[in-house]
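**Student:** Pasting in a structure now, in structure tokens, and then I'll have a few things to ask.
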Amino acid sequence: MTPSKMIDGPRIAPASGAAPKRIVMLLHGYGSNGADLIGLAPYWRAALPDTLFVAPNAPEPCPGAPGGFQWWALAGSEPRAAGARRAGPVLDAFIDAELAKAALTEDALALVGFSQGTMMALQVGPRRERTLAGIVGYSGMLADEAALAADVRTRPPILLVHGDADPMIPIAAFYQTRDALGRLGFEVASHVSPGLPHSIDNAGLTLGQRFLAKVLG
């Protein structure tokens with residue numbers, strides 16, 4: 001997988017009707033697609049009226065999930081860290097293209113990930129040369145924690161939200177990720193939703209809206 005592997009997905013224009021002044025990029029989880037995660041936009045659009053929401057499909061079709069995509073395969077011999085490193089340049093190229101298209105800079109763009117999408121947001125965001133406005137990570141974790149200390153170039157503010165009943169990515173991964181980012185000097189806000197499985201609840205949506213409104217100004 002190389003940066004020449006272009007991705008795209010559904011988008012929702014700014015509620016203001018004007019040209020976008022901000023971008024929220026929504027990164028879906030394993031086996032899902034952009035059409036699923038773009039469903040977050042209506043919850044936040046009124047609070048972010050000048051914001052373009054875009055939800056790219058991951059670069060690989062997901063076996064066994066019709067219409068679904070993956071950033072990297074979960075089955076097979078490829079380690080999670082290697083998969084995230086392989087997919088990173090594709091997302092980086094998409095970020096570059098969207099910023100150029102809107103004539104915006106990194107401080108006008110926030111990444112929002114769910115599950116494997118959170119892994120991609122945390123993989124790519126801190127390794128970019130210029131600091132993003134922020135990262136929201138739902139139900140995810142660091143894919144390549146061991147390499148991050150050497151690779152980190154910027155430290156955007158981060159919000160992590162997780163359910164303590166998540167059977168897919170256990171709550172222990174949330175605490176490990178939060179603590180690792182804190183040790184590396186990131187400003188990390190976090191929230192645990194009691195009884196929530198691998199999903200996003202109303203508390204998470206509200207916190208996400210407040211965080212995005214703050215970091216995108």
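Rundown of residues vs (1) in a strand (DSSP E or B); (2) modelled with pLDDT under 95; (3) under 29 Å from residue 210 (Cα atoms), yes/no style:
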position	(1), (2), (3)
36	no, no, yes
40	no, no, yes
43	no, no, yes
46	no, no, yes
53	yes, no, yes
64	no, yes, no
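**Student:** Tell me which residues, restricted to the range 66-90, are part of a helix (DSSP H, G or I) and in contact with a Pro (Cβ under 8 Å, 6 or more places away or on another chain).
**Tutor:** The first filter runs over the range 66-90 and keeps only residues part of a helix (DSSP H, G or I), leaving 80-90.
Scanning the range 66-90 gives 87, 89, 90.
**Student:** Taking the range 26-53 only, how many residues are buried (at least 24 other Cβ atoms within 10 Å of the Cβ) and within 14 Å of residue 109 (Cα to Cα)?
**Tutor:** Adding up the residues that qualify gives 4.
**Student:** Say we look at the range 174-215 and pick out the residues that are among the small types (Gly, Ala, Ser) and assigned to a loop (DSSP other than H, G, I, E, B); which of these is farthest from residue 21 (Cα to Cα)?
**Tutor:** Our first condition is that a residue be among the small types (Gly, Ala, Ser); within the range 174-215, this holds for 180, 182, 185, 189-190, 193, 195, 199, 203-204, 208, 213.
Those still in the list that are assigned to a loop (DSSP other than H, G, I, E, B) too: 185, 195, 199.
Working: 185: 28, 195: 37, 199: 29 Å.
Taking the candidates together, the pick is 195.
**Student:** Here is a further query. Could you list, in sequence order, the residues of the range 169-178 that are within 17 Å of the chain's Cα centre (by Cα) and either within 16 Å of residue 195 (Cα to Cα) or not charged (D, E, K, R) (or both)? Write out each step before concluding.
**Tutor:** Pass one, the range 169-178, residues within 17 Å of the chain's Cα centre (by Cα): 169, 173-174, 177-178.
Selection gives 169, 173, 174, 177.
**Student:** Can you find even one residue in the range 41-53 that is over 27 Å from residue 207 (Cβ atoms) and without any contact (Cβ under 8 Å) to a residue 60 or more places away in the chain? Lay out the reasoning, then the answer.
**Tutor:** From the range 41-53, those over 27 Å from residue 207 (Cβ atoms) are none; that's our starting set.
No; the residues of the range 41-53 include none that is over 27 Å from residue 207 (Cβ atoms) and without any contact (Cβ under 8 Å) to a residue 60 or more places away in the chain.
**Student:** Separate question: Identify all residues within the range 152-168 that are closer than 19 Å to residue 205 by Cα, surrounded by fewer than 21 Cβ atoms within 10 Å (Cβ to Cβ) and among the hydrophobic types (A, V, I, L, M, F, W, C); write none if there are none.
**Tutor:** 165
**Student:** So which pairs qualify, if the first residue must be in the range 172-188 and touching a residue at least 60 places away in the same chain (Cβ under 8 Å), the second must be of a type outside the set (A, V, I, L, M) and part of a loop (DSSP other than H, G, I, E, B), the Cβ gap must be under 7 Å, and the two must be at least 6 apart or on different chains?
**Tutor:** 186/155
**Student:** Tell me which residues, restricted to the range 120-155, are of a type outside the set (Gly, Ala, Ser), over 21 Å from residue 192 (Cα atoms) and assigned to a loop (DSSP other than H, G, I, E, B).
**Tutor:** 128, 129, 130, 131, 132, 144, 152, 153, 154, 155
The values are calculated or read from the model by the stated rules, or taken from the named source; none is laboratory data. Model, not experiment: these values are computed from the prediction. Glycine also receives a Cβ, built like all others from the backbone with ideal geometry; neighbour counts cover every protein chain displayed.
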